[in-house]
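*Asks:* Right, I'll just put the structure down here and ask away after.
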């Protein structure tokens, strides 16, 4: 039979401070990483409600864009109607609205965020949109 060599177990008193230090360093590293990447995942608070009034005789499709250039479809607003869109992504300091009907461009309107907020997040489609669609030979939308 061969003799078995046994190693004494390290004292728990010596291991606890080392494990505690490793745990604290790991938590600090994760926290630092979270702080470093948080701006990449930040989402701006959406606008709770945006109301769009359409005084034209056309069902107008409305899109909005900010400085990033991506367009957000807000949907169609019935002729001589109104539509409230919930939780609209904040487009930043300048909001660009684009209007169309039947594939025909109805024009664009740029508004400052501060003006929209001051107006209670309410926009009225300009009469020029209806005129532009009429000039393109489109018949009014069905009632």
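*Asks:* Just to be sure before I move on: is residue 138 over 16 Å from residue 46 (Cβ atoms) and in a loop (DSSP other than H, G, I, E, B) in the structure I sent?
*Replies:* Answer is yes for this residue.
*Asks:* Only one of (1) modelled with pLDDT of 95 or more; (2) surrounded by 12 or more Cβ atoms within 10 Å (Cβ to Cβ) is not met by residue 127, so which one is it?
*Replies:* (2)
*Asks:* Considering every residue within region 98-115, establish whether at least one is outside any strand (DSSP E or B), surrounded by 17 or more Cβ atoms within 10 Å (Cβ to Cβ) and touching a strand residue (DSSP E or B) at 6+ places or on another chain (Cβ under 8 Å).
*Replies:* No, there is no match, as no residue in region 98-115 is outside any strand (DSSP E or B), surrounded by 17 or more Cβ atoms within 10 Å (Cβ to Cβ) and touching a strand residue (DSSP E or B) at 6+ places or on another chain (Cβ under 8 Å).
*Asks:* Now for a separate question. Among the residues of region 42-62, which ones are farther than 18 Å from residue 96 by Cα and more than 17 Å from the chain's Cα centre (by Cα)?
*Replies:* Those that are farther than 18 Å from residue 96 by Cα and more than 17 Å from the chain's Cα centre (by Cα): 55, 56, 57, 58, 59.
*Asks:* Okay, next question. Just need a number here: residues in region 69-86 that are within 22 Å of residue 142 (Cα to Cα) and touching a residue at least 24 places away in the same chain (Cβ under 8 Å).
*Replies:* Summing the residues that are within 22 Å of residue 142 (Cα to Cα) and touching a residue at least 24 places away in the same chain (Cβ under 8 Å) in region 69-86 gives 9.
*Asks:* Given the residues 93, 100, 65, which is the only one that is in contact (Cβ under 8 Å) with a residue 24 or more places away in the chain and within 13 Å of the chain's Cα centre (by Cα)?
*Replies:* After ruling out the rest, the residue left standing is 65.
The values are calculated or read from the model by the stated rules, or taken from the named source; none is laboratory data. Model, not experiment: these values are computed from the prediction. All Cβ positions, glycine included, derive from the backbone under ideal geometry; neighbour counts span all protein chains shown.
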